[in-house]
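A quick write-up on the structure given underneath.
The values are calculated or read from the model by the stated rules, or taken from the named source; none is laboratory data. Since this is a predicted model, take the numbers as computed values, not measurements. Note: ideal-geometry Cβ built from the backbone for every residue, glycine included; neighbour counts use all protein chains shown. The area values use the complete protein model at the heavy-atom level, side chains included, leaving out ligands, DNA and RNA. Shrake-Rupley method; radii C 1.70, N 1.55, O 1.52, S 1.80 Å.
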Amino acid sequence: MYQADIAIVGAGMVGLALARALKDAPVSVVVIDTSPIHKPLSDEPELRVSAINAANQQALSELAVWQALPENRLSPYTHMQVWDHDSFGRIAFNCDDLGAPSLGHIVENQALVNALFEVVKTQQNVTLLPSVRIDKVLAGKSETMLMLNNDDVVSCRLVVGADGANSAIRQHGNFPLTFKDYGHTAIVATVRTELPHGKVARQVFTPSGPLALLPLRDPNLCSIVWSQTTETAQSLLAQDNAEFAKGLQIAMNGEVGHITVESARMHFPLTMRYARQWLSDGLVIIGDAAHTIHPLAGQGANLGLQDAFALADSIQQLVRDEKPFYLARHLRPFERARKAEAVKMIAAMEGFKQLFGGDNPLKKLIRGVGMRTADAIPGIKQKFITQAMGW
């Protein structure tokens with residue numbers, strides 16, 4: 001039997017970030033995952049990447065995680081360009097406007113998980129339990145028992161569900177969920193561009209959905225996230241690489257020259273999820289278990305990491321105040337604050353999707369004028385930049 005104060009279910013970047021943020025707290029932690037946590041990286045870039053903003057980079061640096069990332073898997077971006085396809089609307093951002101070295105970094109998800117694993121495994125207060133499944137959850141008044149499929153048992157005061165969009169912990173808590181099918185499918189792949197990307201993150205809004213080109217370490221390699229209506233995505237996935245690349249070039253208006261596909265293509269449906277309740281006594285959910293959003297602004301991972309850091313801060317403050325950190329009434333301020341941030345982001349993504357979806361002439365005029373105006377007014381533009389950087 002394992003006895004711990006906190007059991008974190010899910011050893012992705014959010015669950016491990018929580019464990020790391022608790023490194024100096026007088027609490028014991030068990031991290032449980034159904035898969036191996038550390039996985040060797042392939043020679044080629046991994047397909048799943050995240051745009052980690054400057055605020056989370058700083059937080060990860062303070063936790064000695066950022067330093068554990070291989071330098072050749074870090075891809076800083078110094079500029080962002082966003083435009084409307086077949087329209088005059090365009091806005092550009094430059095890190096020099098804020099005197100910062102970059103706007104953020106494109107990081108392979110598994111590379112960040114590996115870096116977190118390397119530092120978390122050295123913590124005296126953390127036990128890692130990979131490749132096990134929870135068969136049963138027995139919740140008591142002040143203690144929860146997790147029955148594992150290898151006949152082990154974890155006893156804890158607080159269970160944290162960081163187990164993704166289809167969270168079993170959320171389902172166990174019977175937390176009500178609001179969800180909406182975006183009607184989009186995201187296609188991800190690695191592509192090679194004829195022209196160097198110049199550390200520029202590019203995004204174009206087309207009538208059937210946005211396309212993002214995210215710069216990787218190689219000056220001519222980018223990770224794409226092409227979010228299209230499900231019908232359009234199915235047609236694109238049926239194409240061979242040459243046809244698919246030609247579609248990318250057209251969508252990009254030839255801004256990066258000739259494009260070739262360098263990897264397999266992955267795809268996944270996009271759904272908005274929002275848990276209307278995040279906690280009860282002895283139970284709390286964070287990250288994708290609590291919310292999923294459209295990837296058009298690349299903020300899903302950043303939102304989840306901020307959940308982890310905020311929960312760690314709340315737990316540590318409650319321990320200092322000698323209050324039971326596992327009781328819902330003490331964690332309620334955390335829930336209110338993070339739900340507010342999640343709702344704000346969900347609303348913003350829905351607004352962007354509605355405004356930039358379709359080719360209605362009036363909407364094209366409105367967004368064209370809006371983007372041009374925002375690009376021309378320093379105060380508005382700086383606000384966009386600082387928000388994107390997480391400040």
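Numbers below:
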{"read-out": "Number of positions in the stretch 180-192 that are over 12 Å from Ser227 (Cα atoms) and open to solvent by 10 Å² or more (accessible area, probe 1.4 Å)", "value": "3"}
{"read-out": "From Asn220, Asn241, residue being modelled with pLDDT of 95 or more, buried (at least 17 other Cβ atoms within 10 Å of the Cβ) and either closer than 30 Å to Gly173 by Cα or touching a Ser or Thr at 6+ places or on another chain (Cβ under 8 Å) (or both)", "value": "Asn220"}
{"read-out": "Test result for Gly99, touching a residue at least 60 places away in the same chain (Cβ under 8 Å) and either farther than 30 Å from Ile250 by Cβ or not β-branched (Val, Ile, Thr) (or both)", "value": "no"}
{"read-out": "Within the stretch 330-346, considering residues that are open to solvent by 60 Å² or more (accessible area, probe 1.4 Å) and without any contact (Cβ under 8 Å) to a residue 12 or more places away in the chain, the one farthest from the chain's Cα centre (by Cα)", "value": "Arg336"}
{"read-out": "Single residue of Leu211, Leu177, Leu128, Leu195 found to be open to solvent by less than 20 Å² (accessible area, probe 1.4 Å), touching a residue at least 12 places away in the same chain (Cβ under 8 Å) and not acidic (Asp, Glu)", "value": "Leu211"}
{"read-out": "Conditions (1) assigned to a loop (DSSP other than H, G, I, E, B); (2) open to solvent by 50 Å² or more (accessible area, probe 1.4 Å); (3) within 21 Å of Gly300 (Cα to Cα): number failed by Asn150", "value": "(3)"}
{"read-out": "The stretch 284-300 - residue that is within 24 Å of Met80 (Cβ to Cβ), among the aliphatic types (A, V, I, L, M) and surrounded by 22 or more Cβ atoms within 10 Å (Cβ to Cβ) and, of those, nearest to the chain's Cα centre (by Cα)", "value": "Ile293"}
{"read-out": "Members of the stretch 247-267 found to be assigned to a loop (DSSP other than H, G, I, E, B), surrounded by 15 or more Cβ atoms within 10 Å (Cβ to Cβ) and modelled with pLDDT under 95, listed by number", "value": "Met252, Glu255"}
{"read-out": "Search result, residues across the stretch 268-283 that are of a type in the set (Phe, Trp, Tyr) and either open to solvent by 20 Å² or more (accessible area, probe 1.4 Å) or over 30 Å from Gly304 (Cβ atoms) (or both)", "value": "Phe268, Tyr274"}
{"read-out": "Filter result for Thr185 (under 17 Å from the mean Cα position of the chain (by Cα) and either touching a residue at least 60 places away in the same chain (Cβ under 8 Å) or assigned to a helix (DSSP H, G or I) (or both))", "value": "yes"}
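Let's see how each residue does on (1) over 21 Å from Pro45 (Cβ atoms); (2) not acidic (Asp, Glu):
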site: Lys246; (1), (2): yes, yes
site: Met266; (1), (2): no, yes
site: Ser280; (1), (2): yes, yes
site: Val284; (1), (2): yes, yes
site: Phe309; (1), (2): yes, yes
site: Ala312; (1), (2): yes, yes
site: Asp321; (1), (2): yes, no
site: Tyr326; (1), (2): yes, yes
